[in-house]
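Notes for the one structure printed next.
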Amino acid sequence: GTPLAPSSDKGGAATWTPQAAVNGNGRVHPADPSSRVRFDKAGVGKTPDTAATSGSVIPSLANLEESFRELNSRDKRGKSFLGLSLGDLQLYQQACGHEGKLVPMLIERLYSALGVLVVRHPGKTILFSLLLVAVLSSGLLFAQFTTNPELLYIPQFSELGLQRKYVDSTFGARPQPGIFVIKHQEEGGNIITRDHMLDLFKFHELVSTFQVQWQGEALSFRDMCARRFFAQAGEYECLSDSLLKKWFFQLSRFEEDEDWMGTVLEAYDNNEVNFGAMSVVYNGTERQLRAEAVQASYYFNSSLSFYADGGINTWEEALVREVEHINDQSGLIALSYWSTKLNEKDASAIVTKDVDVLCLTFIFILLYVCITLGGFTLDRRRSRMALGAFCGICTVCSLASGFGLCAYLGVPLAPMSTLVLFTLIGVSVDDMIIIVDAFDRTSPQVSLEERLRVALSHAGTAVTMTSMTTITAFLSGVAVDLPSIQLFCAPAAASVLMVNVLQVTLFTALLVQDAQRQSAHKLDCACLPSSWCVPAHTERTPSSLRRVSSLEGAKRAVAAHTASFARPPHNGHALASPPATVASLSSRARVEEVEEVTSPEDEVGCTNSPIGIWWRDNYAEWLMRTPVRVAVMVVFACLVATASLLLPHIQLGLPVEDTLPDDSTALKFFHDMNRFWTGAQDFQVMLVLRDTKLDDYRSRARAVAALAEIEELDFVLGTMTNWMDDFRQWANCTAVERTGKPIESADEVDWLEVPAWLEDPEIHFCVFAGEDAGADGDATGGKGKRRRLLDAADAAELV
């Protein structure tokens with residue numbers, strides 16, 4: 001009376017495995033795996049090879065029977081274990097197959113104990129999980145958000161990154177610019193006209209005096225600007241740079257300048273102003289300059305509280321609205337604006353720009369999970385819509401906990417950090433499906449505690465091992481010297497860790513609650529009208545449950561129910577029989593009393609679903625055919641070769657405008673930059689002399705020679721400030737004060753007086769003997785480039 005289930009074998013042979021043996025008491029026992037007999041085409045029976053069964057770690061049937069009797073004898077709570085057959089014990093032990101592997105075996109035992117604990121205390125487990133989420137998520141209150149390109153896209157331990165850190169730590173925070181592109185209203189128009197210059201002065205006055213209310217106080221550019229001392233003005237002024245500096249930003253000086261075009265040409269010759277779409281034309285012998293656009297920069301003091309606490313954001317938002325009003329009303333000029341803070345604000349906005357799309361995607365995934373976990377059914381007692389919804393809750397909790405943990409550790413958030421959501425949804429959904437499927441594979445005849453213990457010991461091990469692999473991969477990304485990658489991988493690793501923790505605690509406890517609901521035939525919290533569903537008072541009678549009236553029918557039912565377990569696993573051993581669903585098969589009379597036999601279609605898990613059967617019975621066998629395997633290898637080899645050929649053609653770098661939303665105000669600025677300057681922007685760089693003995697003539701000569709070589713480079717427009725020139729000017733002035741005579745040559749300067757120069761707060765403004773002072777106090781020399789003379793206090797700031 002032992003049903004046999006065939007499994008395919010190569011060469012036309014088949015292996016027949018006894019699925020169950022019935023003893024005289026009507027109890028179904030699993031067959032001994034060693035009793036597998038192999039038949040070849042001639043029908044000659046052969047026993048399996050010794051090597052095929054020698055690795056089996058399944059205890060003998062006698063040991064299982066002894067353990068089973070001991071288990072029943074130790075039932076001190078009066079609960080019946082008769083539903084737990086030897087087939088269950090053997091199936092559970094062989095399904096895991098981790099004996100001999102230390103780490104998986106320890107994890108398996110840990111999850112086995114955890115499963116028992118969760119079943120006994122599901123409410124406490126849920127409460128503990130939620131408290132853990134609340135504690136870790138509170139770290140979001142201290143989270144910081146950064147979009148600074150220098151911190152995100154520059155390797156911090158590269159030569160450039162280390163130099164930036166040195167300069168910032170030695171010289172303090174650098175001024176941050178706000179740049180305007182001022183262009184002609186009409187395309188191709190000339191902005192270098194007197195009327196346009198007057199509009200430029202009006203606009204400068206607007207920016208300098210523009211005020212907003214911030215925390216009950218008036219806030220203007222003068223309150224946030226970076227200040228420098230100008231010897232010509234005799235006081236500290238807000239630092240700005242534009243064509244108007246040739247007249248010291250004073251309209252009266254421009255109106256008094258009869259040859260203002262000559263002044264503009266002088267600025268052009270000395271590379272002092274950025275002219276866009278510029279050309280030089282001649283009106284007879286008179287040279288004139290034409291340009292479609294110019295730049296104007298206003299510098300903010302990034303060390304002030306206004307810059308960090310949002311004051312500048314409020315001021316810039318109001319200024320951008322005013323700029324839009326000027327563009328609509330002015331008939332002469334049009335403006336576009338960009339700043340570091342504006343770029344950060346717009347880059348941060350792109351994170352929340354597509355929240356509606358993200359929400360729809362999340363809902364679609366949850367719907368898929370609900371159908372996958374409970375199947376597509378209108379029976380609310382069999383559906384798992386509520387459990388699928390809790391999948392989304394667990395994902396959100398994991399995300400909040402992971403980001404909160406990173407905030408506690410001082411890891412800032414960045415725009416790319418939000419991409420963790422997509423990775424986390426995939427990981428969490430995958431883990432939940434694995435746990436539920438492992439739970440559904442267990443016999444519903446055994447206790448809930450035993451089902452969850454076995455399911456967690458099997459699925460929890462796989463989930464944890466894969467999660468640890470994913471976490472390790474993300475942590476390796478944290479070691480990469482690129483902050484943009486680090487700020488993605490760090491919260492990703494923390495979130496995946498929290499997914500694993502919440503899956504085996506919060507979600508598992510919810511799974512227990514759902515299983516108890518199904519056992520009590522209670523309705524699921526589905527959002528379907530009651531008229532669509534099975535009435536609540538109707539008992540569940542699936543079509544797959546039928547009366548078995550004959551021994552042959554019982555055999556066929558048991559064989560069909562156990563078909564999925566009859567196939568040998570990957571290690572070559574046959575799995576033991578699944579839980580027995582028939583109480584007794586000892587006689588025809590006992591068989592006729594059997595009310596229900598569960599068919600493969602009645603299984604909730606994926607293994608016996610139509611899709612699972614197709615993958616197992618059709619696709620797997622098709623894929624293992626030799627021609628198919630060869631074709632698959634050839635196709636993937638071609639893909640790898642094609643990718644290798646295209647790899648060198650990948651474009652490196654990301655334009656700044658691609659990191660901004662489509663409605664960003666700064667996009668107009670980048671469009672103007674590409675139009676008038678072909679995307680090129682003049683930059684001010686700082687050259688730092690370190691560990692140089694300037695009192696030594698040879699060291700000083702090498703430093704001067706290096707500076708001269710740098711000035712001769714084609715891409716260097718000129719030297720704006722040089723503290724050594726300023727020191728020589730100071731030494732000359734102090735020499736005049738002491739002796740009444742200027743220093744004849746710069747080589748006569750005593751460099752040991754540098755400390756005295758740094759401590760001198762007075763203004764010194766003079767030139768060496770033989771040098772001519774300009775009307776505006778500038779000294780002209782070297783390549784026709786102008787160098788502004790600064791006072792000692794300003795030079796001290798530069799040093």
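Quick notes on this one:
- Residues that are among the hydroxyl-bearing types (S, T, Y) and either loosely packed, with under 13 Cβ neighbours inside 10 Å or in a loop (DSSP other than H, G, I, E, B) (or both) within region 667-723 comprise T678, T692, Y697, T719, T721, listed in sequence order.
- Complete set of residues in region 353-364 that are open to solvent by less than 90 Å² (accessible area, probe 1.4 Å), part of a helix (DSSP H, G or I) and either farther than 30 Å from I433 by Cβ or of a type outside the set (A, V, I, L, M, F, W, C) (or both): T361
- Meets criteria (surrounded by 19 or more Cβ atoms within 10 Å (Cβ to Cβ), in contact with a Pro (Cβ under 7 Å, 6 or more places away or on another chain) and of a type in the set (S, T, Y)) for S457: no
- Top-ranked residue in region 287-345 [being in contact (Cβ under 8 Å) with a residue 40 or more places away in the chain, in a helix (DSSP H, G or I) and of a type in the set (G, A, S); ranked as surrounded by the fewest Cβ atoms within 10 Å (Cβ to Cβ)]: A318
Rundown of residues vs (1) buried (at least 24 other Cβ atoms within 10 Å of the Cβ); (2) part of a helix (DSSP H, G or I); (3) under 13 Å from the mean Cα position of the chain (by Cα), yes/no style:
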{"residue": "I471", "(1), (2), (3)": "no, yes, no"}
{"residue": "F474", "(1), (2), (3)": "no, yes, yes"}
{"residue": "Q486", "(1), (2), (3)": "no, yes, yes"}
{"residue": "P491", "(1), (2), (3)": "yes, yes, yes"}
{"residue": "S495", "(1), (2), (3)": "yes, yes, yes"}
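- Residue within region 365-372 that is in a loop (DSSP other than H, G, I, E, B), touching a residue at least 40 places away in the same chain (Cβ under 8 Å) and buried (at least 17 other Cβ atoms within 10 Å of the Cβ) present: no
- Selection from region 170-197 of residues that are open to solvent by 50 Å² or more (accessible area, probe 1.4 Å) and either touching a helix residue (DSSP H, G or I) at 6+ places or on another chain (Cβ under 9 Å) or in a loop (DSSP other than H, G, I, E, B) (or both): F171, A173, R174, Q185, E186, E187, R194
- Subset of region 644-678 [within 21 Å of F715 (Cβ to Cβ) and more than 29 Å from the chain's Cα centre (by Cα)]: M673, N674, F676, W677, T678
Rundown of residues vs (1) small (G, A, S); (2) under 18 Å from L399 (Cα atoms), yes/no style:
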position	(1), (2)
P104	no, no
L110	no, no
V119	no, no
P122	no, no
L131	no, yes
A134	yes, yes
A143	yes, yes
T147	no, no
F157	no, no
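- First in region 477-501 and acidic (D, E), second anywhere and part of a helix (DSSP H, G or I), Cβ under 9 Å, 6 or more apart: D481/G161
- Scanning region 222-241 turns up one or more residues that are open to solvent by 20 Å² or more (accessible area, probe 1.4 Å) and in a helix (DSSP H, G or I).
- Residue, least open to solvent (accessible area, probe 1.4 Å), within region 609-666, restricted to residues that are within 30 Å of L373 (Cα to Cα) and of a type in the set (D, E): D617
- Within the set G172, G262, the sole residue that is more than 28 Å from N327 (Cβ to Cβ), touching a residue at least 60 places away in the same chain (Cβ under 8 Å) and of a type outside the set (A, V, I, L, M, F, W, C) turns out to be G172.
- Of the set (1) out of contact with any Ser or Thr (no Cβ under 8 Å at 6 or more places or on another chain); (2) farther than 23 Å from G189 by Cα; (3) modelled with pLDDT of 80 or more, all apply to I333 but (2).
- Of all residues in region 135-147, those that are closer than 19 Å to K345 by Cα have Cβ atoms under 9 Å from Cβ atoms of residues that are open to solvent by 70 Å² or more (accessible area, probe 1.4 Å), 6 or more apart or on another chain, in F142/Y408; T147/K345.
- Tally, over region 112-144, of residues that are over 13 Å from L502 (Cα atoms) and of a type in the set (S, T, Y): 3
- Residue within region 416-426 that is modelled with pLDDT of 85 or more, within 24 Å of L114 (Cβ to Cβ) and crowded, with 20+ Cβ neighbours inside 10 Å present: yes
- Scanning region 427-453 for residues that are among the acidic types (D, E) and crowded, with 18+ Cβ neighbours inside 10 Å gives D431, D437, D440, E450.
- Among residues that are closer than 30 Å to L304 by Cα, of a type in the set (S, T, Y) and in contact with a strand residue (DSSP E or B) (Cβ under 9 Å, 6 or more places away or on another chain), S240 is included.
The values are calculated or read from the model by the stated rules, or taken from the named source; none is laboratory data. Everything quoted here is computed from the prediction, not taken from an experiment. Note that each Cβ is placed from the backbone with ideal geometry, even for glycine, and that neighbours are counted across all protein chains shown. Just the protein is used for accessible areas: all its heavy atoms, side chains included, with ligands, DNA and RNA removed. Shrake-Rupley method; radii C 1.70, N 1.55, O 1.52, S 1.80 Å.
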